[in-house]
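> Before we start, here is the structure in question, set down as structure tokens.
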Amino acid sequence: MGFQTEGRSFIIFRGTSSRPEYLLDADIRRAGAPPCHSGFDRAWRSLRPLVVEWLRGKSSGGIVLAGHSLGAALAIRAALDFAPNVEAVVAFAAPRVGGRDFLERYKAIDLDRRTIRFTQLTDVVSRIPPPIFGFTHTGTEVVLGYVGSQSSLARSADEINYRVGKVFPSPNLPGRYGTPATYEGKRRGGTSP
């Protein structure tokens, strides 16, 4: 979906909704340059001509990319192609899209500081593909915490992640995970956004 307002083009990608898309999500081989998640790269390459055509008739203002889950991965991948014009990438429940080379390229063209990822403590999507396969996140992470909304499986996963420093609960809020509609963000390297 796309729309334009105040000279900016907003492009929003939806999450996974079909069996073929689940198969794309599962294809964690590397493809493209810089190498990234093969399934996300294929999905983006199939959509790219449509996005380029849609942008062709629009003003040359900035581009804001956004998405959820698979859509967040597509927004992050698309940002590489439109980097000079990308004002922001807003990703909800984004999986890891690439490895170190991808992250270095993303940083080199100044996309990392323009990318914000919202994650929720109970959502496993933002934890995959695992770093052990060489994948890493981009941008600033903002962790949303909701007291009492966690399943036992998600709570167990969060306990593990909490112990290894992957989850950043707010120390200034009541309860271990904060309260509904509260968040705390941490940028890689420990600085707040």
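> Under the rule a/c < 1.5 gives rounded, and otherwise a/b versus b/c splits prolate from oblate, where does segment 95-147 land using the Cα gyration tensor? The partial results should precede the final answer.
Values: a/c = 4.01, a/b = 1.42, b/c = 2.83.
Taking the square roots of the gyration eigenvalues as a ≥ b ≥ c, segment 95-147 is oblate.
> Between F3 and A31, what is the label-point separation in nm under the 7 Å Cα-to-beta-carbon projection?
For A31 paired with F3, the spin-label model returns 3.2 nm.
> Using the heavy atoms of the protein chains alone and a 1.4 angstrom probe, what is the accessible area of segment 1-117 per residue in square angstrom? If you can, show how the numbers build up before the last one.
On the way: 5670 Å² over 117 residues.
For segment 1-117, the per-residue accessible area is 48 Å².
> Continuing with the same structure: For the full complex of protein chains and a 1.4 angstrom probe, list E6, E141 by accessible area with the highest value first.
Numbers: E6 165, E141 30 Å².
If we order E6, E141 from most to least accessible, we get E6, E141.
> Among residues other than D41 whose Cβ falls under 15 Å from its Cβ, what is the net charge (Lys/Arg +1, Asp/Glu -1)? Please list the in-between numbers first.
Details: positive: R29, R30, R42, R45, R48, R77, R96, R105; negative: E21, D25, D27, D81, D101.
So the surrounding residues net to +3.
> Measuring from centroid to centroid over Cα atoms, what is the spacing of segment 1-36 and segment 96-139 in Å?
Segment 1-36 and segment 96-139 have Cα centres spaced 14 Å from each other.
> Order these peptides, 85-95, 114-124, by their mean beta-carbon neighbour count within 10 angstrom, highest first. The partial results should precede the final answer.
On the way: 85-95: 22.0, 114-124: 19.5.
Highest mean packing first, the order is 85-95, 114-124.
> Moving on. How high is the FRET efficiency between E53 and I132 when r is their beta carbon distance and R₀ equals 41 Å, given to the nearest 0.05? Each step should come with its number before you reach the end.
Numbers: r = 39 Å, r/R0 = 0.95.
After rounding, the FRET efficiency stands at 0.55.
> Show the residues, 5+ positions off or on another chain, whose built amide H is closer than 5 Å to the amide H of R96.
Those qualifying (amide H under 5 Å, at least 5 residues apart or on another chain) are I128.
> Still on this structure, I have one more. Explain nothing, just compute: Karplus ³J(HN,Hα) = 6.51 cos²θ - 1.76 cosθ + 1.60, θ = phi - 60°, for every residue of segment 70-81 in order, whole Hz, x for Gly and Pro.
4, x, 5, 4, 5, 4, 5, 5, 4, 4, 4, 6
The values are calculated or read from the model by the stated rules, or taken from the named source; none is laboratory data. What you see is a predicted model; the values in this text were computed from it and never measured. In this analysis, Cβ positions are derived from the backbone assuming ideal geometry, glycine residues included, and neighbour counts consider all displayed protein chains. All accessible areas refer to the heavy atoms of the entire protein, side chains included, with ligands and DNA or RNA removed. Shrake-Rupley method; radii C 1.70, N 1.55, O 1.52, S 1.80 Å.
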